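Below is one structure, written out as structure tokens, with a few remarks after it.
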Amino acid sequence: MGAMLTRQLSAEGDDITIIDSNPKVLESSEEKYDVMAVQGNCASMEVLLQAGVKEADLLIAMAGHDEVNLLCCMTAHGLNPKLHTIARVRNPEYTDQIYKMRDIFALSLSVNPEKQAAAEIERLLRYPGFLKRDTFAKGRVEIVELRVDEKSKLCNAALIDMNNIVKCKILVCAVLRNGKAVAPDGNFVLREGDRIFVTASSDTLTILLKNLGIITHKVKRVIICGGGTMSYYLASRLENSGISVQLIENDPKRCNVLAAMLPKTCIIQGDASSQYLLESEGVSECDALISLTGLDELNMIISLFGTNSGVPLVVTKLGRMDNASILGNVVPGSVVSPKELCCNTIVRYVRAMKNQTGAALTVHTIADGQAEAMEFIVDSTTQNCRLPLKKLKLKKGVLVVCITRSGRTEIPNGDSYFDVGDTVIVVTGSDEVIYQLNDIFE
């Protein structure tokens, strides 16, 4: 998590100091990025002073233990009361405590990657036809990911004909082909294996699936592999939704803990990678198979077996997003990365700090991290209001994909315009950092 944030924030030109007790971790980061490194305990007053906490604007505590992160934030804030602090807190026991005592812990923001990822998976289960869903405009607009297979109506179709095929208003804002993101124009022809990112209003999604012939039925029975914190968060959410859950975990002690915490979930003690166990638990009859073990390689193998067994929806957790490009061409299911979701939240906070007025309301990375989708509110400082989009000079690789006005959503064309009070969603290549809406213009 710390490495992913260091990569992202150093690319945005921030001055970063990293603290770690492991000298090898520090050496690796110093070689790759332009950062200062301090070896030691991040919760120690002396180490924080050595790292320059009194001159810092923001401290992000991502150590492996929640208690260390909380003590780190409290100590840092005591040394510098103007400091913003972000802590990763994962233990479910601390959820209420963090909320009620955030002032005492001196927290500007707390993040829980596992909880965030569980919420993301639950949303995927509601629309099983999509590989990924990112929400904007208070849930009224979404960017969804679809895979084009050989039987798809979109295979070998030009984007200019898209609306005639799907018979609803959508916009393809990015295409992943052979691992590379492409910003397509109307003449772009979709091929088998492409992963496309589609902007649409939320009430259009059902029509889109229906007209593409993607048959989805309500998810009623789910098998979760792995009994970690993320599995607990997801199973408890699914229990509340009335979905039948079977959870497979190898450690007998952990099984007993989970059984006490999840009264409606069927806890199975066993090896989730065992073909015999999965078959005996009826994997071929379940609606969704979700692999959340601590090993990416194991998750990939379980997902491959689930796909070959005919499971309609397969979700794979990846700890390392550099594995996503490998997986993208192997497993036709959804990929969820807790680190990436959490990183997006923190990057949005950092950008808002730099640009208090007009900062992005929402930031999502799409296309395996090669593009970003951002949501802005048009205010009195925004340039080119009421000017048709066809007359705007936008930076290369920037696309305006949606405009929301008075609760109504518009997939824009050349004659569309935005005005003060509107919400605008833009998609850009990840190498172009957009802090405010005016940054999209040449």
Given 0.36 nm per residue, what is the gain on full extension from Leu277 to Val257 after removing their alpha carbon distance, in nm? 5.1 nm
Residue-ordered couplings for region 334-341, obtained by feeding phi - 60° into the Karplus form 6.51 cos²θ - 1.76 cosθ + 1.60 and rounding to whole Hz (Gly and Pro as x), are 8, 10, 10, 10, x, 5, 5, 4
Any chance you could tell me what percent of the C-alpha pair distances in the chain go past 39 Å? 25 percent
Using a simple spin-label model with points 7 Å from Cα along the Cα→Cβ vector, what separation in nm is obtained for Glu239 and Leu361? 3.5 nm
Pulled fully out, how much extra length does the chain show between Cys266 and Ser284, if you take 0.36 nm times their separation in residues and subtract their Cα-Cα distance? 4.7 nm
Show me 91-102, 114-125 ranked by packing, highest mean number of other Cβ atoms within 10 Å first. 114-125, 91-102
State the Kirkwood hydrodynamic radius of region 1-96 in Å, one decimal place, computed from all pairs of distinct Cα atoms. 13.7 Å
Can you tell me the dipole magnitude for the chain around its Cα centre, using point charges on the Cβ only (Lys, Arg +1; Asp, Glu -1), in Debye to the nearest 20? 1320 debye
Relative contact order [Cα under 8 Å, 6+ residues apart], region 20-88, whole percent: 28 percent
How high is the relative contact order of region 119-211, in percent, counting Cα pairs under 8 Å that sit 6 or more residues apart? 32 percent
Lys/Arg Cβ at +1, Asp/Glu Cβ at -1, dipole of region 1-54 taken about the Cα centre: which of Val35, Leu49, Ile16 is farthest positive-ward? Leu49
Which of Val427, Ile207, Cys73 sits farthest toward the positive end of the charge dipole of the chain, with +1 on the Cβ of Lys and Arg and -1 on the Cβ of Asp and Glu? Ile207
Size of the dipole of region 17-119 about the Cα centre, Lys and Arg at +1 and Asp and Glu at -1 on the beta carbon, nothing else charged, in debye to 20? 280 debye
Rounded to whole Hz and in sequence order, give me ³J(HN,Hα) for region 289-295 from the Karplus expression 6.51 cos²θ - 1.76 cosθ + 1.60, θ = phi - 60°, writing x for Gly and Pro. 10, 10, 9, 10, 6, x, 10
If every alpha-carbon in region 354-440 counts as one equal scatterer, what log10 I(q)/I(0) does Debye give at q = 0.23, 0.25 1/Å? -1.24, -1.43
Here Rg/Rh (Cα, Kirkwood) for region 119-211 equals 0.94
Please compute the modelled spin-label separation between Leu295 and Val433, points set 7 Å along Cα→Cβ, answer in nm with one decimal. 3.8 nm
quick note, the chain, DSSP beta bridge pairs, % antiparallel (nearest 5) is 60 percent
Descending Cα extents along the principal axes, region 81-168, whole Å: 58, 27, 18
Selection from Asn384, Val347, Ala272, by position along the positive dipole direction of the chain (Cβ): Asn384
Report the net charge of residues surrounding Glu114, where surrounding means a beta-carbon distance below 11 angstrom and charges are Lys +1, Arg +1, Asp -1, Glu -1. +4
Taking R0 as 22 Å, what's the FRET efficiency between Ser108 and Ser21 from their Cβ-Cβ distance, rounded to 0.05? 0.35
Classified through the alpha carbon gyration tensor (a ≥ b ≥ c as square roots of its eigenvalues; rounded if a/c is under 1.5, else prolate when a/b is larger than b/c, else oblate), region 152-268 comes out prolate
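Each value in this text was obtained by applying a stated rule to the coordinates, not by laboratory testing. All values reported here derive from a predicted model rather than from experimental measurement. A quick note on method: Cβ atoms are made from the backbone with ideal geometry, for glycine too, and the neighbour counts reach across all protein chains shown.
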